[in-house]
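Take a look at the structure set out below.
The values are calculated or read from the model by the stated rules, or taken from the named source; none is laboratory data. Predicted model only: the values in this text are computed from it and were never measured. Cβ coordinates were reconstructed from backbone atoms using ideal geometry, including for glycine residues, and neighbour counts include every protein chain displayed. These area figures cover heavy atoms from the full protein model, side chains too; ligands, DNA and RNA do not enter into them. Shrake-Rupley method; radii C 1.70, N 1.55, O 1.52, S 1.80 Å.
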Amino acid sequence: MSMSTLKTPVMNSIAKRCYANKAAALSIKGPQVQTKKLPNNSLVVAVPDYPTNIGRVSVTFLAGSRYEDPENAGISHLVRSSAGLSTESSSTFSIIRNLGHLGTNYYVTSDRETITYTIEAHKENLVSSLKYYIESISNQTFKPWELSDNLKRVEYDLLTVSPELRVLDLAHKAAYRNALGNTVFLPKYNVKKLGSEHLLYYVKKNFNNQNAIISSVGVDLDTLVHVSEDLNLPNGDASCSPKSKYFGGDLRKSKALDVTYLAVVGEGVSYKDSQSASYAVLQYLLGKGSSVKWGVGQGVLEQNILKSNCSDNFAVSAVNYNYSDSGLFGFLLAYNGKDVSNVLKAAVQSLRSPTVTETEVCRAKKQLIFSLVSASESSAGVLENITYQATTTGQVIPFEKLIAAVEAVTIEDVKKAASKVAGSKLSLAGYGNVATTPYLDNL
């Protein structure tokens, strides 16, 4: 029996486009992307002709958790949570009121490599909104009393982190010893320790032209050039962190939960690796859960677990993380039975020796193309995609070439990727009810 923990509903309105034949897939046209390297070393990426009345602009800095030191662990999380606080010339009330009056959405996201500030507004109001948006990025002050008032928001953020994200964070920590192994969440011991001076130093060190990527959808390239000029960022050095070396390990954290959350990963590839498309197809071959709510997935992982006569609820999904210099590949498993060992062994067996057939590869490629096409249906999805590519590789691959790269993947390419994963030392992370979870040497 499958569980809905990892399920994602599917947009039926575009399903026909994604299950087309090879020739039709190659004929799909994506939005035209414009890129430019500015004299100040900032990279700007724009999709100006996307059919939307909403303009979206993101300013991204290479300042994620991999650039943190042990002393300031979690500071990127605190920087994200402090977005929109008073600046040198505008109060928090002024920023919120004026952006709200203009009907503007403003949010900040962060991950292991980046911190991204995004604004969304009707094109008629976007220019007026940029004033407060730019101010809140380049002139942050991190006033101590405001940071103190913001602590409850930070504590709430930590309390609402899902178990799935917790176990995936532990998986990174088990796989790496630094850089990509740094947690993306603010540790409790640093909640009250990190203050105004720490934040100002971190922002000054990492928020510079060398680390900045400015991207947009529905906004022309010239506007982004003006945004870069108005940001007036310093010309600092590019952020650098030790190259992430994969080691592998075993980490688990016991919590009073009925469900066992497990992540098993091996060494993957970086986003710019020539095999990244093969790993993406392999991920869909193993399965990312059901495409239909409450349905049973067609992936190899879920089918093999069902064959092991599992009588309790479970959910499983393959995971594939591609970073600028490394990657992780494996699966995430949630199980609410008493003994997870049989289910985990069946999943690990599927990871180490998956069934790679022409039929399964064809299905996986079609599902991957569906994912790419569905993302391009949304301007927010397009913005996320071009921003991610620009930050990890310094360039943006045209949509047509992405589709062509997927179509070019052969069964031998997938078998080669599966063989590399099977030969990699695995890492295991557990969260929740981990009492019956076997260790790696017993799998």
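Only one of the listed residues (Gln298, Gln349, Gln275) is modelled with pLDDT under 90 and open to solvent by 20 Å² or more (accessible area, probe 1.4 Å). That residue is Gln298.
Within the set of pairs 6+ apart or on separate chains, which have a first residue in the range 429-443 that is within 17 Å of Phe331 (Cα to Cα) and in a loop (DSSP other than H, G, I, E, B), a second that is open to solvent by less than 50 Å² (accessible area, probe 1.4 Å) and of a type in the set (S, T, N, Q), and C-beta atoms under 8 Å apart? Sorted first by the residue in the range 429-443, then by its partner, the pairs are Val434/Thr260; Thr437/Thr260; Thr437/Ser341; Pro438/Ser341. I'd like to verify a number: residues in the range 399-426 that are open to solvent by 20 Å² or more (accessible area, probe 1.4 Å), more than 20 Å from the chain's Cα centre (by Cα) and either among the acidic types (Asp, Glu) or more than 24 Å from Val348 (Cβ to Cβ) (or both), how many? Here the count works out to 9. If the condition is being surrounded by fewer than 21 Cβ atoms within 10 Å (Cβ to Cβ) and either among the charged types (D, E, K, R) or touching a Leu at 6+ places or on another chain (Cβ under 6 Å) (or both), then the range 361-371 contributes Arg363, Lys366. Evaluated against (1) under 30 Å from Gly381 (Cβ atoms); (2) surrounded by fewer than 20 Cβ atoms within 10 Å (Cβ to Cβ), Glu267 falls short on exactly one condition, (2). Looking across the range 69-106, the residues that are under 23 Å from Pro187 (Cβ atoms) and either small (Gly, Ala, Ser) or part of a loop (DSSP other than H, G, I, E, B) (or both) come down to Asp69, Ala73, Gly74, Ser76, Ser81, Ser82, Ala83, Leu85.
Among the numbered conditions (1) in contact (Cβ under 8 Å) with a residue 24 or more places away in the chain; (2) farther than 30 Å from Arg66 by Cα, the only one that Thr391 does not meet is (2). Output the number of the condition that Gln32 fails; it satisfies all remaining conditions of (1) at pLDDT below 95; (2) outside any helix (DSSP H, G or I); (3) open to solvent by less than 50 Å² (accessible area, probe 1.4 Å). Result: Gln32 passes all but (3). Within the range 379-393, the set of residues being out of contact with any helix residue (DSSP H, G or I) (no Cβ under 8 Å at 6 or more places or on another chain) and open to solvent by 20 Å² or more (accessible area, probe 1.4 Å) comprises Ala380, Tyr388, Thr391, Thr393.
With respect to Asp237, determine if the residue is outside any strand (DSSP E or B), more than 23 Å from the chain's Cα centre (by Cα), farther than 29 Å from Ala390 by Cβ and in contact (Cβ under 8 Å) with a residue 12 or more places away in the chain. Spell out how you get there, then give the answer.
Numbers: outside any strand (DSSP E or B): yes; more than 23 Å from the chain's Cα centre (by Cα): yes; farther than 29 Å from Ala390 by Cβ: no; in contact (Cβ under 8 Å) with a residue 12 or more places away in the chain: yes.
In short, no.
State which residue pairs qualify: first residue of a type in the set (Lys, Arg) and inside the range 280-295, second residue surrounded by fewer than 24 Cβ atoms within 10 Å (Cβ to Cβ) and at pLDDT 90 or above in any location, beta carbons under 8 Å apart, and separation of 6 or more residues or different chains. Pairs found: Lys288/Ser317; Lys288/Gln367.
How many residues, within the range 341-365, are of a type in the set (Gly, Ala, Ser) and in contact with a Pro (Cβ under 7 Å, 6 or more places away or on another chain)? I'd like the intermediate steps shown before the answer.
Here is the first cut: in the range 341-365, the ones of a type in the set (Gly, Ala, Ser) are 341, 346-347, 350, 353, 364.
Filter once more, so that each one left must be in contact with a Pro (Cβ under 7 Å, 6 or more places away or on another chain): 341.
So the answer is 1.
Residues in the range 131-148 that are touching a residue at least 60 places away in the same chain (Cβ under 8 Å) and either closer than 14 Å to Tyr117 by Cα or small (Gly, Ala, Ser) (or both): Tyr133, Ile134, Ile137, Ser138, Gln140. Scan the range 197-207 and give yes if some residue there is in contact with a Gly (Cβ under 8 Å, 6 or more places away or on another chain), closer than 29 Å to Val340 by Cα and not in a strand (DSSP E or B), otherwise no. No, the range 197-207 has no match at all. Kindly indicate the residue of the range 75-93 that is over 27 Å from Leu159 (Cβ atoms) and touching a strand residue (DSSP E or B) at 6+ places or on another chain (Cβ under 9 Å) and also most open to solvent (accessible area, probe 1.4 Å) among those meeting that condition. Here the residue is Glu88. Test Leu285 against the stated conditions and say whether it is more than 26 Å from Ser110 (Cβ to Cβ), more than 17 Å from the chain's Cα centre (by Cα) and open to solvent by 20 Å² or more (accessible area, probe 1.4 Å). Judged against the criteria, Leu285 is not a match.
Scanning the range 244-260 for residues that are open to solvent by 30 Å² or more (accessible area, probe 1.4 Å), within 28 Å of Lys420 (Cα to Cα), in a strand (DSSP E or B) and of a type outside the set (Lys, Arg) gives Asp250, Leu251. Does the range 124-132 contain at least one residue that is closer than 26 Å to Ala212 by Cα, not in a helix (DSSP H, G or I) and not acidic (Asp, Glu)? Checked against the condition, which is being closer than 26 Å to Ala212 by Cα, not in a helix (DSSP H, G or I) and not acidic (Asp, Glu), the range 124-132 yields no hits at all.
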